[in-house]
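Beneath this line is the structure, given in C-alpha cells, with notes to follow.
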Amino acid sequence: MKENEDLIAYCGLYCGDCHGYQQKIPDLARDLRKELRKSKYQKFADFLSTHSFGQSFRDYDKCYQVLGAMVKFRCHKGCRAGGGPPFCKIRNCCQKNGFVGCWECTEFESCDKLDFLRPVHDEGHIKNLKILHKKGAEEFINGKRHW
C-alpha cells in the first residue's frame, strides 16, 4: 500500500483532507487563544458587553471555550492507524468482515452505519465509496475527493 492509501478511511473519507488531521484549525485556535490572553481581551469583552452595541460580547467566555475545544480536535493518525473515534461502528464492521473499506461491501449505499457521517459530510462519503468501488484507491487519491 502506498503511504497515501493509508489515509483512506474505511468509510470512504480521506483523513488527509480532515481539518483535525491537517491540524491547521487547532493551531489557529490555539494561537488566537494565546493572543486573546496576551491582550487581556476578556477585560475588553466585559467592558463592551455593558453597552448596547457590544451585547454579543456577553458570550465571550463561550467563544473562548469553543476555541479550546477546537485546539483539542486533533488527529495525529488516520483512521487505519487508530485515529478517529474509538467507538466507530464503520471501522469495527469493516474489520469484523475483513473489508479494506466499505466500498467492498455490496450494501454500502444503504448501510445505516454510514448515516453517522451525513450531518457533516452529506453524501460526500457515499460519492467517495462509489469512486473507490469503481476505480480503486489510486484513482481515488489522484482524483476529486468529496468532503
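The values are calculated or read from the model by the stated rules, or taken from the named source; none is laboratory data. A quick note: this is a predicted structure, and the numbers were derived from the prediction, not measured. Cβ placement follows ideal geometry from the backbone for every residue including glycine, while neighbour counts extend to all protein chains displayed. Areas reflect the complete protein model, heavy atoms only, side chains present, ligands, DNA and RNA absent. Shrake-Rupley method; radii C 1.70, N 1.55, O 1.52, S 1.80 Å.
Odds and ends about this structure:
- Here segment 80-147 and segment 1-64 have alpha carbon centers that stand 27 Å from each other.
- Packing-based order for 15-22, 110-117, using average beta carbon neighbours within 10 Å, highest first: 15-22, 110-117
- The chain - percent of accessible surface contributed by carbon and sulfur, probe 1.4 Å: 55 percent
- Largest to smallest in accessible area, the residues Trp103, Trp147 fall in the order Trp147, Trp103 (1.4 Å probe, all protein chains included).
- For segment 1-48, trypsin sites (Lys or Arg not before Pro) are listed when DSSP marks them as loop and at most 10 other Cβ atoms sit within 10 Å of their Cβ; the list is Lys2, Lys40.
- Placing a pseudo-label 7 Å from each Cα along the Cα-to-Cβ vector at Leu48 and Ala81 gives an inter-label distance of 4.0 nm.
- Sites Thr106 and Ile141 - FRET efficiency at Förster radius 41 Å, r taken between beta-carbons, to 0.05: 0.95
- Alpha-carbon spread of segment 86-142, three principal axes, descending order, Å: 29, 27, 21
- Fully extended contour minus Cα-Cα distance, from Asp27 to Lys72, at 0.36 nm per residue: 15.2 nm
- 0 to 90° range, to nearest 10: angle between helix 60-72 axis and the chain longest Cα axis: 30 degrees
- P(r) weight above 18 Å for segment 1-53, C-alpha pairs, percent: 58 percent
- Each stretch of four or more DSSP H residues adds -39500 (n - 2.57); spread over every residue of the chain, this sum gives -13500 deg cm²/dmol at 222 nm.
- Rounded if a/c under 1.5, otherwise prolate or oblate - segment 53-117, Cα gyration tensor axes: prolate
- Longest segment of the chain lacking GluC sites (Glu not before Pro) that sit in a DSSP loop with at most 14 other Cβ atoms within 10 Å: 4-106
- For Lys127, the lysines whose Cα falls under 18 Å of its own Cα, not counting residues fewer than eight places away in the same chain, are Lys113, Lys135, Lys144.
- Where the Cα pairs of segment 24-147 fall when distances are cut into 10 Å bins, in %: 11, 28, 24, 17, 14, 6, 0
- Heavy atoms of the protein chains alone define the surface here; on that basis the chain has 67 Å² accessible area per residue at 1.4 Å probe size.
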